[in-house]
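Only one structure is covered here, and it is reproduced in the block below.
The values are calculated or read from the model by the stated rules, or taken from the named source; none is laboratory data. The model shown is predicted, which means the values in this text are computed figures rather than measured ones. Methodologically, a virtual Cβ is constructed for each residue, glycine included, from the backbone with ideal geometry; neighbour enumeration extends over all protein chains shown.
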Amino acid sequence: MTKYDYTKWIKEWTRDLGFDHCGIAKAGRLDEDARRLESWLHQGMHGSMHYMENHFDLRIDPCKLVPGAKSVITLLLNYFPGREALKDAAEEGAPRIAKYAYGDDYHEVIRRKLNLLLKQMRDGIGEIEGRGFVDSAPVLERTWAVRSGLGWIGKNGNLLHKQAGSFFFIATLIVDLELEYDVPFAGDYCGSCRKCIDACPTDAISDDKVVNGSQCISYFTIELKDLLIPDAMKGKFQDWLFGCDTCQDVCPWNRFSKPATEMAFSPIPAILHFRTAEWEELTEESFKEIFRHSPLKRARYAGIRRNLHFITPGPPPASS
């Protein structure tokens, strides 16, 4: 068997596991990204996300994550809920949830798929050392996606795929197996468009493709653990209760988005049908039950209450 055969098998296996796109790049140190990341951190654009400062060497060198690494396999999994689901969730003034959080926690879903893929590779090819990652580890997954030929980085910092837009999760599998490598994506099809820059409610996106994470609504509603959100952000959240999709919603490339086929990402009914009153009446016990498999549990009940208070006019909602 040759590396061509192995590559063909792996791409077939990823399709069987439900991944929408697969690209493969040669493992190597990311020196240019190291300089950009260092500058971004020095400017404090990570806010209180101090974990971004950790394991810097691991982020820029896959061989430090998997000794002897030869290939970085990048996988895309669509999570777009579909136009009908969005209509159900679009009542004026209802708290809004980022689309990636409509269904089950993607970390759990994708980790299972990566473990199955690695097992298939070991069963079909032989002993392979490898590790899979889903955005919670020190891996620059968007860079590897570009190097794998899957798309380009848009002005909003998201990976854009010409046929799929940006509503997908990125997973990475680093292995010590040499494979056939895809041609890196060389184009940038954002052109003069600046819809995402102009639409960002908190001006977190700059003209030079740098996103100030510490000014993003997703940062304030998910990552920030303080009891209070800064008053300077008052009136800018556009009813976003958890995360924000504004820069993706206005992106012309997302007109190509199609409904996800992964059943685990089917919207939780509460996401589509809860209005402000239901969120206000939600008890901690009910929150833990309804959202036990949801990304919303990352913000915890207290965080959701804080966010609801911040975007809802009038006095704070009554505590449970």
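Tabulated values for the structure
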item	result
Positions within the stretch 115-132 being surrounded by fewer than 22 Cβ atoms within 10 Å (Cβ to Cβ) and among the hydrophobic types (A, V, I, L, M, F, W, C), in sequence order	L116, L118, M121, I125, I128
Test: residue in the stretch 161-177 that is more than 14 Å from the chain's Cα centre (by Cα), farther than 15 Å from L77 by Cα, of a type outside the set (S, T, N, Q) and assigned to a loop (DSSP other than H, G, I, E, B)	yes
Qualifying residue in the stretch 242-261 (condition: of a type in the set (F, W, Y) and in contact with a Ser or Thr (Cβ under 6 Å, 6 or more places away or on another chain))	yes
Residue among F287, F256 that is touching a Gly at 6+ places or on another chain (Cβ under 8 Å) and either closer than 29 Å to K87 by Cβ or at pLDDT 95 or above (or both)	F256
Number of the condition not met by V211 [criteria: (1) modelled with pLDDT under 95; (2) of a type in the set (A, V, I, L, M, F, W, C); (3) out of contact with any strand residue (DSSP E or B) (no Cβ under 6 Å at 6 or more places or on another chain)]	(3)
Test: residue in the stretch 236-245 that is in contact with a strand residue (DSSP E or B) (Cβ under 7 Å, 6 or more places away or on another chain), aromatic (F, W, Y), under 25 Å from E108 (Cα atoms) and modelled with pLDDT of 95 or more	yes
Set F220, F287: member being within 17 Å of the chain's Cα centre (by Cα) and either surrounded by 18 or more Cβ atoms within 10 Å (Cβ to Cβ) or under 30 Å from S192 (Cβ atoms) (or both)	F220
Residues (modelled with pLDDT under 75 and in contact with a Ser or Thr (Cβ under 7 Å, 6 or more places away or on another chain)) located in the stretch 20-47	D33, G44, M45, H46, G47
Leading residue by the ranking (farthest from I97 (Cα to Cα)) among those in the stretch 181-219 that are aromatic (F, W, Y) and touching a residue at least 60 places away in the same chain (Cβ under 8 Å)	Y181
Candidates I268, I311 - the one that is within 13 Å of R96 (Cα to Cα) and either of a type in the set (K, R) or in contact (Cβ under 8 Å) with a residue 60 or more places away in the chain (or both)	I311
Residue match in the stretch 123-145 (condition: under 21 Å from E32 (Cα atoms) and in a strand (DSSP E or B))	no
